[in-house]
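Asker: One structure follows; several queries about it will come next.
FYI, it's all coordinate maths here, none of it is from the lab. Bear in mind the structure is a predicted one, so any value in this text is a computation, not a measurement. Note that each Cβ is placed from the backbone with ideal geometry, even for glycine, and that neighbours are counted across all protein chains shown.
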Amino acid sequence: MRGELVVYDTQSGQLVAKKLMSGKGTDSVEAVGFSPSGDKIAVAMGGYNVCRIAVLDAATGNEVQEHRYPASFRNLVPGLLYTGPTIDWFPDASGLLLGGTVAIDLVSGRLVWTMFTAPNEYNLDNTNRRMPVPGGFLMITGKQGKAKFSLLPFEAKFLSLAQSLSTNNSLDALIKPSQKVSLDVKVEKLLFGTPEETKKTLEGTYREILEAAGFELADNQPIVFKVSYNEVAEGKFDSFMRGPIGGGATSSVVGTKALLNLEWATNQNESLWKHAFGFAPRTISVKGEFTAEAARKSMFEQLQSFTFSQPLPYYLSTDKQTMLPASITVVRE
């Protein structure tokens with residue numbers, strides 16, 4: 001049955017627990033991982049633009065923790081080509097490494113660390129195994145025939161800080177959850193659609209992202225989250241006709257690539273953080289006439305989910321030395 005988890009005792013072969021995991025706005029089980037001591041099970045559930053991480057008692061199947069995220073599991077953890085376990089526990093069971101690319105604190109549920117691959121960040125596709133160890137994540141690096149072990153550092157203070165942000169509103173910071181911030185979306189160059197509709201959609205998307213991170217949106221605030229949006233033509237999509245005698249490409253259209261610039265800034269235009277990314281889907285789904293405008297519409301729909309996979313700091317210390325989630329970029333070798 002889809003979304004049902006069963007647990008057996010490997011020594012006795014007896015059924016220990018049976019639990020229906022779906023039915024809470026999610027769809028199916030994406031991944032399962034046992035804690036280092038084997039007493040808990042982390043289960044990732046994914047659905048359309050929503051997912052949750054549940055922690056169960058392995059002996060009873062009872063749920064002891066749950067964290068929800070307003071994105072599909074694939075967009076929350078976009079390391080599609082990663083060859084390691086989808087769920088890896090920290091050695092002290094304080095957090096989880098998901099897809100080798102995202103670490104979450106199990107108490108607060110907040111993302112505390114992300115990893116990107118340079119120069120192509122599209123799928124975060126550095127496939128090398130990353131194993132949580134004290135102090136960080138151990139991985140194999142180096143070129144073929146010259147492999148070596150490297151440690152991607154992770155500071156334990158990130159976990160305690162993420163937990164403090166959930167309970168202590170008085171914590172001093174430039175950017176932090178519970179803070180009132182403004183949202184400023186600018187739409188510049190478009191290939192299709194209207195600036196008004198595009199801006200309205202992007203405002204809705206980033207409002208959801210910011211509110212999920214714990215911010216309260218209001219006008220004329222000292223801290224502003226800025227979004228700048230552009231489009232350029234890139235790539236080509238082919239339409240295929242399928243039938244009893246086979247088929248092939250029948251027509252082609254030029255694709256649209258979205259270019260976004262994100263920034264945390266003060267209302268005095270002091271930049272606190274910047275990030276730029278582009279999005280051009282590898283496949284599109286078109287109903288009706290196969291046109292470049294229809295291809296752009298499909299791209300823009302997919303973009304709404306993809307934005308959740310991009311970094312967006314929810315904490316920046318007053319000295320600008322500490323940021324959450326922390327991030328690291330590794331070079332594909």
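Asker: Report Rg (one decimal) and Dmax (nearest whole number) for the range 178-313, counting Cα atoms only, units Å.
Answerer: So, for the range 178-313, Rg and Dmax equal 17.9, 65 Å respectively.
Asker: Rounded to whole Å and sorted largest first, what semi-axes of the equivalent ellipsoid does the C-alpha gyration tensor of the range 168-242 yield via the square root of 5 times each eigenvalue?
Answerer: Here the semi-axes work out to 34, 15, 10 Å.
Asker: Please name whichever of F34, G47, L20 sits farthest to the positive end of the charge dipole of the range 1-76, dipole taken about the Cα centre and charges placed at Cβ: Lys and Arg +1, Asp and Glu -1.
Answerer: G47
Asker: Let me ask something else about it. Quick one: compute the contact order of the range 54-190, relative version, from alpha carbon pairs under 8 angstrom and 6+ residues apart, as a percent.
Answerer: 15
Asker: Taking the Cα-to-Cβ direction at E155 and at Q268 and moving 7 Å from each Cα, how far apart do the two end points lie in nm?
Answerer: 2.6
Asker: Cross-link list K176/K274; K180/K274; K274/K297: which exceed 24 angstrom alpha carbon to alpha carbon?
Answerer: In this structure, K274/K297 exceed 24 Å between Cα atoms.
Asker: May I pose another question? For the range 275-318, what does the equivalent ellipsoid look like in terms of its semi-axes, each the square root of 5 times an eigenvalue of the Cα gyration tensor, given largest first in whole Å?
Answerer: Semi-axes from the Cα gyration tensor: 31, 9, 7 Å.
Asker: Next up: What is the Cα coordinate range of the chain on the first, second and third principal axes, sorted by size from largest, in whole angstrom?
Answerer: 65, 60, 49
Asker: Continuing with this model, one more query. How far apart, in nm, are two points set 7 Å out from the Cα along the Cα-to-Cβ line at K320 and at K200?
Answerer: Result: 3.8 nm between the two label points.
Asker: Can you give me the Rg/Rh ratio for the range 1-76, using Cα atoms for both radii and the Kirkwood formula for Rh?
Answerer: 0.99
Asker: Between L106 and residues 5 or more places away or on another chain, which pairs have amide H atoms under 5 Å apart, with H built 1.01 Å from N, and which residues are they?
Answerer: Placed amide hydrogens put G95, L96 under 5 Å from L106.
Asker: Also, quick follow-up: What is the extension gain from D39 to V254, computed as 0.36 nm multiplied by their sequence separation minus the C-alpha to C-alpha distance, in nm to one decimal?
Answerer: Computed gain between D39 and V254 is 72.1 nm.
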